[in-house]
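Some notes on the structure that comes next.
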Amino acid sequence: MKRMTDMLIGWRETVQLPDLGIGTFTAKIDTGARTSALHAERIKVFDRDGAKWVRFHVPHAGLDEAVDCEAPLVDYREIKNTSGVPEERLVIETRLALGGRLWRIEVSLADRGNMAMPLILGRTAIRRRRILVDAGRSFIAGAPAAKRKE
């Protein structure tokens, strides 16, 4: 019989964004949101070797400390905010560590200052990863040890 899932996660989980230098913190898993969003401030686009990059600040809310990050800019996209209002956002790609797994996701940079968690993990980040979300539980995936790369 074929296994339907390799990983069970709750509605909130402990994650890391190692490419951005962001250690362990709590993310909200939201299958109702298409795109993942990371709280970012002081967002600036700049050129590096002919490519567009973005520099931004992730304040320490929910994290051990504030982090200044840089990443290649993947796209500008119109994304609906939590109120359903479309807004243009910058999108980057980075690795996500969740449980014992590590894979690349796209993340929009947004003002999530009024939200409890700095990262919302949308359904495209977990789609086709053989992950099942138990909406009634939290912190069931274990520490983000990133043993297996996808």
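A short reminder: the numbers here are calculations on the coordinates, not readings from a lab. Because the structure is a prediction, the values reported are computed rather than measured. We place every Cβ from the backbone using ideal geometry, glycine too, and count neighbours over all the protein chains shown.
Below are the figures for this structure:
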| item | result |
| --- | --- |
| Range of Cα positions in the chain per principal axis (Å), largest first | 50, 33, 30 |
| Label point at Val45 placed 7 Å out along Cα→Cβ; residues across the stretch 62-83 whose backbone nitrogen lies under 17 Å | 70-79 |
| The stretch 7-149: relative contact order as a whole-number percent, Cα under 8 Å and 6+ apart | 37 percent |
| Ellipticity estimate at 222 nm from DSSP helix runs (n ≥ 4, -39,500 (n - 2.57)) divided over the chain, nearest 500 | -500 deg cm²/dmol |
| Reciprocal of mean inverse Cα separation for the stretch 71-148 (Kirkwood radius, Å) | 14.2 Å |
| Virtual spin-label span in nm between Glu78 and Arg95, 7 Å along Cα→Cβ | 3.5 nm |
| Long-range amide H partners of Leu96 with built H, under 5 Å | Trp103, Arg104, Ile105 |
| Long-range amide H partners of Ala33 with built H, under 5 Å | Arg123 |
